[in-house]
Amino acid sequence: MDGSRIVVEIGESVLGRNAELAALHRKRFQESGLRVLNIVSSPGSGKTALLERTLTDLRDRLRIGVIVGDLQTDNDARRLQGKGAPVVQVTTGGYCHLDAGMVARAMEAMDLRPLQMLIIENVGNLVCPASYDLGETARVVLVSVTEGEDKPLKYPVIFERADAAVITKIDIAEAVGADMEALRRNIQQVAPRALLLELSSRSGQGMEAWYRYLEGLAA
Ligand SMILES: Nc1nc2c(ncn2[C@@H]2O[C@H](COP(=O)(O)OP(=O)(O)O)[C@@H](O)[C@H]2O)c(=O)[nH]1
Ligand SMILES: [Mg+2]
C-alpha cells in the first residue's frame with residue numbers, strides 16, 4: 001500500500017466521524033430550536049467586523065451566542081466581548097477548520113438554553129472548512145470586494161454548499177475598482193440557490209437585509 005492511499009483512508013474516517021457527530025448536533029439543534037450559523041470566508045473578509053456590528057445592533061432583538069475559531073490568539077473573542085453575547089474562542093493549534101468535536105467542546109463552555117441563535121465564525125480560508133459539517137442550520141460564505149471577482153470560481157466547493165453568500169465591504173467597492181456585476185454573476189454560477197446579500201459593516205449599508213435574514217431563520 002503506498003503512502004497516499006493511507007492518507008486518503010485516514011481522511012475518510014476522520015470525515016466519517018465528523019459527519020456522525022455533526023448529525024447528532026443537527027438533531028439536538030432541531031429539537032431545542034437553536035439556529036446555528038457557520039460563517040466561512042477568507043481571512044480578513046470581515047467576519048468578525050460583521051459579528052461586532054450584528055451583536056451590537058441586534059442586542060435587544062435576538063439572543064445570540066458566538067463561537068470563534070482561529071489557529072492562534074483570542075483576538076476575535078476579545079473584539080466581540082462586552083456586546084451582551086456569550087463568546088467562546090477555539091484555537092485549533094494549526095488545524096485550518098473547525099470540526100464538530102471542537103464545536104461540541106466549545107458548546108460545553110456556554111449555556112445554550114437562553115439562546116435563539118449560535119453563530120460560529122470558522123477559521124479563515126476557503127478550502128478546509130468546506131469539508132467539515134458542523135450540524136449547522138445554515139452556512140454563510142462571505143467574500144469581500146477586495147478579493148477578486150474570480151474567487152467563487154476558484155473555490156467553488158465552499159460556495160456550492162452555502163445557504164447565503166454575503167458580499168462585504170461594499171463601502172470601498174468603487175475605490176478598489178471591484179466589478180460587482182462579475183462578482184455577483186460568479187457567485188450565482190457556483191451557488192445558484194444561495195441568498196445573495198451585499199453589505200458594509202463599516203457604513204451600515206445593507207445591514208437591515210442581513211438582520212431580516214437572521215431574524216427569519218430564528219422565527
Ligand atoms: N472598509 C471596510 N473595511 C472592513 C469592513 N469589514 C471589515 N473591514 C476591515 O477588514 C479587516 C478584516 O476584518 P475582520 O473582521 O478581522 O475579518 P475576518 O478575518 O474575516 O474576521 C479589518 O481591518 C476590518 O476593519 C467593511 O465593511 N468595510
Ligand atoms: Mg475574524
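Quick notes
- Distance cut-off 28 Å, percentage of C-alpha pairs in the chain lying past it: 27 percent
- Compactness of the stretch 101-219 - radius of gyration and Dmax, Cα, Å: 15.3, 45
- For the stretch 123-182, averaging the sequence separation of C-alpha pairs within contact (under 8 Å, six or more residues apart) and dividing by the residue count gives a relative contact order of 41 percent.
- Charge tally around residue 36: other residues with Cβ under 14 Å, Lys/Arg +1 each, Asp/Glu -1 each, net +1.
Laboratory data are not the source of any read-out in this text; all were calculated from the coordinates shown. Since we're looking at a predicted model, the values are computed, not measured. Positions of Cβ are backbone-derived with ideal geometry, glycine not excepted, and every protein chain shown enters the neighbour counts.
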